[in-house]
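In what follows, a structure is listed as structure tokens, so that the remarks can point back to it.
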Amino acid sequence: MKNELKIGLIIADDMEYAAYEELVADNAKMCNFFSRKGHSYEITVCNKKIVIESILCGIGTVNATAAAMYLVNNGADILLNYGLSGGVSSVLRGEDIVGVSFLEYDFDLTCCGYKPCEKPAQEYIYYANETLSNIISIQGGGLKKCNLASGDRFVSDAILRDSLKNDFAINACDMETAAIAYVANLTDTPFSSLRRVSDDAGEDATEDYHDMNNKPMSDLPELLLKSVNCLFHETVFWE
């Protein structure tokens, strides 16, 4: 049974990261992970210690993949993420949700006979760790568990939004979570993601996103840290 757990926290956007930085600033050490801004923050309970290494990865799937793989290669036992998402179906603007499945909606080899999003000879729908997702959901008062889709574009198109809903049963979309989930799946690293719905992924999405992004969101990292503290009692992660 180990006595230290290392968590990699991946945050894409400056404003999203600022909320976490402000929350932990007095007790965290600033770090520079592969030229990306980051912090190292420790929580100790009795003889157990959780170290959270956070990275402001930048927007998009490539940035998120690089950060996730860096953290795993440097010993992360768990990967976590939070941020804003566009609402696709069965979610409301301002609602907090937990991602439980993830796919890359802009991966397309249909011209070669594959299904949309299908990757040759590998899984292409990735899943969150059930225990992590349950903890976050419960600590948030029963947050909805959702299917998320990621791609390297900001969705502000009702046609694409409705396609994600109808073709893949997606609840919300973003530009990072599926990339992190892929690394977690590839390396057998537990992962979950906390997201806040900022817009409806339609024609007004850009304005609504900026409005939400400019609002204080300290409650998101607060909820995530509250969830992390619950891990001290989850023996499965300490084995």
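Tabulated results
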| item | result |
| --- | --- |
| Calculated [θ] (222 nm, deg cm²/dmol) that DSSP helices of n ≥ 4 give over the chain, each run adding -39,500 (n - 2.57) | -10000 deg cm²/dmol |
| Contour minus Cα-Cα distance for F34 and Y114 (0.36 nm per residue) | 25.2 nm |
| Gyration tensor verdict on the stretch 179-226 (Cα atoms; rounded if a/c is under 1.5, prolate if a/b is larger than b/c, oblate otherwise) | oblate |
| Proximal lysines to K165, defined as alpha-carbon separation beneath 17 angstrom and excluding residues fewer than eight positions away on the same chain | K115, K144, K145 |
| HN-Hα J in Hz across the stretch 191-206 - Karplus 6.51, -1.76, 1.60, θ = phi - 60°, x for Gly and Pro | 8, 8, 9, 9, 10, 10, 6, 9, 6, 9, 6, x, 5, 9, 4, 4 |
| Hull volume in cubic angstrom per residue (convex hull over the Cα atoms of the stretch 42-98) | 128 Å³ |
| Counted charge near I135, where neighbours are those whose Cβ lies closer than 11 Å (Asp, Glu -1; Lys, Arg +1) | -1 |
| Cα gyration tensor shape of the stretch 94-171, rounded if a/c is under 1.5, else prolate or oblate by comparing a/b with b/c | oblate |
| Spatially near lysine pairs across the stretch 1-74, Cα under 20 Å, sequence gap of 8 or more or different chains | 9 |
| Rounded accessible area of M30 (nearest 10 Å², 1.4 Å probe) | 120 Å² |
| Per-pair calculated FRET efficiency, R0 = 41 Å: W238 and A18 via Cβ, rounded to 0.05 | 0.85 |
| Computed E for N27/E123 - FRET, C-beta separation, R0 30 angstrom, nearest 0.05 | 0.20 |
| Global geometry of the stretch 108-239, whether rounded, prolate or oblate, following the gyration tensor of its Cα atoms and the 1.5 cut on a/c | oblate |
| From the C-alpha gyration tensor of the stretch 152-210, square roots of 5λ in Å | 24, 13, 9 |
| Folded to 0 to 90 degrees: helix 177-187 orientation relative to the chain principal axis, Cα | 60 degrees |
| R0 of 41 Å, Cβ-Cβ distance R93-V62: FRET efficiency to nearest 0.05 | 0.90 |
| Kirkwood Rh and Cα Rg combined as Rg over Rh, evaluated for the chain | 0.96 |
| Length gained when the stretch D188-T44 is fully extended (0.36 nm per residue, less Cα-Cα span) | 49.3 nm |
| 0 to 90° range, to nearest 10: angle between helix 14-24 axis and the chain longest Cα axis | 20 degrees |
| Between 0 and 90°, nearest 10: helix 219-230 axis offset from the chain longest Cα axis | 50 degrees |
| The stretch 1-119 - convex hull of alpha carbons, volume per residue in Å³ | 164 Å³ |
| Among beta bridges that DSSP assigns inside the stretch 1-53, antiparallel share in %, nearest 5 | 70 percent |
| Residue-normalised accessible area of the chain, expressed per residue, 1.4 Å probe, Å² | 45 Å² |
| Accessible surface ranking that places the most exposed of Y17, Y182, Y41 first, with a 1.4 angstrom probe | Y182, Y41, Y17 |
| Spacing of the two label points (7 Å from each Cα toward its C-beta) at A169 and E203, in nm | 3.1 nm |
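The values are calculated or read from the model by the stated rules, or taken from the named source; none is laboratory data. Predicted model, so just to flag it, every value in this text is computed and none were measured. Methodologically, a virtual Cβ is constructed for each residue, glycine included, from the backbone with ideal geometry; neighbour enumeration extends over all protein chains shown. Keep in mind that these areas ignore ligands, DNA and RNA; they rest on the heavy atoms of the full protein, side chains included. Shrake-Rupley method; radii C 1.70, N 1.55, O 1.52, S 1.80 Å.
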